[in-house]
Amino acid sequence: MHYSPSILASHRQTLVVNQQLQQAITFLQMSNAELQAFIEGQADENPFVALRSRAEPGARVTQGSANGSAQDWDRIGALADESGPSLYAHVAGQISALGLDARNQALAELFLEALAPSGWLDAPLDEIALRGGVTLAEARAMLGRLQGLDPAGLFARDLAECLRLQAADSGLLTPLFAAVLENLPMLAAADLAGLCRVCRTDMDSLRAVLRALRGLDPKPGARFDQAPLPIRAPDLLVSRLADGGWRMELNQSTLPAVVVRHSETDTPVPRQNARTPARQQVADYVAERLSVARWLSRAVQYRNHTVLKIGQEILRNQRAFFEQGPAHLRPMILKDIAEAVGIHESTVSRVTNAVTMATPYGLMPLKRFFSAALPSQDGSTGSAEAVRNRIRKLIQSEPAARPLSDEALVRLLEKDGITVARRTVAKYREQLRIPTSALRRRQAVLSAQF
């Protein structure tokens, strides 16, 4: 067999995802705030990039939406920070006032590190003693001192201890009160008759204890200011027009825009006239940075245009939702919007995961508008989100003493022409974070005793 070298030529087309294309795709997954932060970083690195946003010259401020003007979001950001001290700072200040020596101060700081946001102790006592190099008795003595700090109930190791500390501080810790705290599982099960037998009391006396117990705070640390939750401004605004129609627009008060500083290149050094390596290097730098700035401006414009088109198409498809409420949310999938807008489904998915919209019914992420279709008895289809909303309303209007079971919810939905299985109702109820009918009944029984 004879082998000889040969050269073959062929044509082939391939799609290469370069770094700029990857970044443009990432822009679609950013909210307005995230995009603004990214552009600010680029402006620090690139002398030809400037950020224009909010009420700067040239930035139009939207003058109306379903939930107020876009300027409202600027006012929220300008509010003074009136938050109080954190739980950590509050307790640390009290520990400093105890006048502890260096050894006990270090041990107290270990307890402080183990303090959960709820105010409970989040580590076993023996573990804290081991870390502090002290005996269990010394750790227990320090715990007793710390449990005397304000507010009462801090550094408790469980719910019963937390309530016992507060009851003792308020002068409520009678023998009957202590007996109830020792049998909290029976109280959680709403077994009031059994609790009376165990505590050797009558129902009237037990109800008096339960009323006092309800006035205690099971999480005394939660009253202190934690890290403030950011107020997220919407990326899209919907407003009602005078003729009864609807308008979708970008929230210009938070929408960043890239400004290319062409003035920086008024006297550039042309590459062909560069006579020294240094001048050639400057010319190359100017050309590369200016190219990046122009690309960034185009990419941000495309992102904003795509977000607006998707929002407008959602508005067109879900007009019944905006006019009549969540119960009229119609089934819709990513493919529906992608085909109408003329983009790929993955692009719609990226945008809907990041962008939010201010609707007449509150701030909603775009992904909430997409829901699977459920068949109904008349042959039409309804959305899963609409069914969840119907389940929520049925449970809100149920008699407190006779909560609706999942089976009962199935029957009521069938009367509305909606056919779903019991396990589907159970899944939607869990998604709504609504407890079972048995737990709701227990809560009603306990509430009736106070």
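Each value in this text was obtained by applying a stated rule to the coordinates, not by laboratory testing. Quantities reported herein were computed from a predicted structural model and do not represent experimental measurements. A quick note on method: Cβ atoms are made from the backbone with ideal geometry, for glycine too, and the neighbour counts reach across all protein chains shown.
Structure notes:
- Cut-off 12 Å between beta-carbons: net charge of the residues surrounding residue 315, Lys and Arg +1, Asp and Glu -1: +2
- Estimated vicinal HN-Hα couplings, Hz - the range 403-414 in sequence order (Karplus 6.51, -1.76, 1.60; Gly, Pro = x): x, 7, 6, 4, 5, 5, 5, 4, 5, 5, 5, 5
- Net charge in the neighbourhood of residue 335 (other residues with Cβ under 14 Å of its Cβ; Lys, Arg +1, Asp, Glu -1) is -4.
- Straight Cα distances below 28 angstrom link residue 335 to the lysines 309, 367, 427, with same-chain residues fewer than 8 positions distant left out.
- For residue 418, residues with placed amide H under 5 Å, excluding near neighbours: 377
- Extension gain from residue 353 to residue 116, taking 0.36 nm per residue of separation minus the Cα-Cα distance: 82.1 nm
- Taking amide H atoms as placed 1.01 Å from N in the peptide plane, the amide H of residue 332 lies under 5 Å from those of 371, each 5 or more residues away in sequence or on another chain.
- Per-residue HN-Hα couplings for the range 122-133 [Karplus 6.51, -1.76, 1.60; θ = phi - 60°; Hz; x = Gly/Pro]: 9, 8, x, 5, 5, 5, 5, 4, 5, 5, x, x
- By the equivalent-ellipsoid construction on the alpha carbon gyration tensor, the range 89-223 comes out with semi-axes of 33, 15, 12 Å, ordered largest to smallest.
- Net charge of Cβ neighbours under 12 Å - reference residue 131; Lys, Arg +1; Asp, Glu -1: -4
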